[in-house]
Structure formats: C-alpha cells, structure tokens
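Data first, discussion second: the structure below is written as structure tokens.
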Amino acid sequence: MTAENLISRLTKVKKTGPDRWLACCPAHDDKSPSLAIKELGDQRILLHCFAGCSPQEILDAIGLTFDELFPEKLMDHGKPLRKPFPAADVLEAVSTETLIVAMTASRLANDKDITVGDWQRLHVAAQRIMAARDMVNG
Ligand SMILES: [Zn+2]
C-alpha cells in the first residue's frame, strides 16, 4: 500500500515534506488537520492523530486494515519510531488546541463566564499539547 492510496481517502491534505503529510483525521470531527502521516520508506506508513485517535480508529473510519498499513513481513523488524515528526508539523497539528487555550484565556480576562465544559475542553487542550511534545524530533 502506498501513502497516496491512504491519502486519497483523507480531506484537507497538505504535503509538509517529501514523505510527510497533514490531513483531517477521519475518526473524529476534525476541522483543521490534526492527523500526521509519514511514509517510512520500507512500505510502512505511520499515522498519528494529535487529538488522540488510535491508528485502528483512523483505519476503521476509512475502511483500511492494519495489514495494509504495515505489511506483515516488516512487522518484526524496525523498532517503534520515537519522536518521528518535525516541530513545524506538530505545531500545525495542535494549532487548534492553542487557539482554544487563547480563547478561554480571553474569556477569563474579560470576566466572561467559563462553563464546566469550557474548563474540561481547556484541560483536554493542555493534555494534547503536552502529548504532542513527545512526538517532536530534533
Ligand atoms: Zn482523530
């Protein structure tokens, strides 16, 4: 399976490097791309949703299987990749989260009401940004 094959099933795809893309995640309501895709050069494709969807959920949403993404003969080789994405891609993928933090801060600064839902979403944004840090290389 090629990355093009996968990418043709996604929306708002943006190529960020020779073997990297950002796209809207098909497994959650994604308005600005938070799914990073990387082609590893040995037929494997790495997927990471910065909102926390699992690769399985992403594949289910577009009707693909793990076997197609990771050819079986290659599963035993290759260690899991640590910090596989460049900072620019990661920042772009979590940009919606930073916007949510800024908007909530602005409401607080203007003495507007903050609902329990707003606080919970703020907490989720902080968690997603912290988790994203672990995916940055360099
Ligand atoms: Zn997702």
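Scanning region 17-33 for residues being within 11 Å of the ligand (Cβ to nearest atom), free of Cβ contacts under 8 Å to residues at least 60 places away in the same chain and not small (Gly, Ala, Ser) gives a total of 6.
Within region 39-48, track down each residue that is hydrophobic (A, V, I, L, M, F, W, C) and crowded, with 18+ Cβ neighbours inside 10 Å. Across region 39-48, the qualifying residues are 45, 46, 47.
Among the candidates 36, 23, 51, the residue that is crowded, with 18+ Cβ neighbours inside 10 Å, assigned to a loop (DSSP other than H, G, I, E, B) and of a type in the set (A, V, I, L, M) is uniquely 51. If you go through region 34-53 and pick out every residue that is closer than 21 Å to residue 126 by Cβ and more than 9 Å from the ligand (Cβ to nearest atom), you end up with 2.
For residue 61, the conditions (1) in a loop (DSSP other than H, G, I, E, B); (2) closer than 12 Å to residue 10 by Cα; (3) out of contact with any Lys or Arg (no Cβ under 8 Å at 6 or more places or on another chain) are fulfilled apart from (1).
Since every read-out is calculated from the coordinates, none of them should be taken as a lab result. Please read these numbers as outputs of a predicted model, since none were measured by experiment. Using ideal geometry, Cβ is built from the backbone for each residue, glycine included, and neighbour counts are taken over all protein chains shown.
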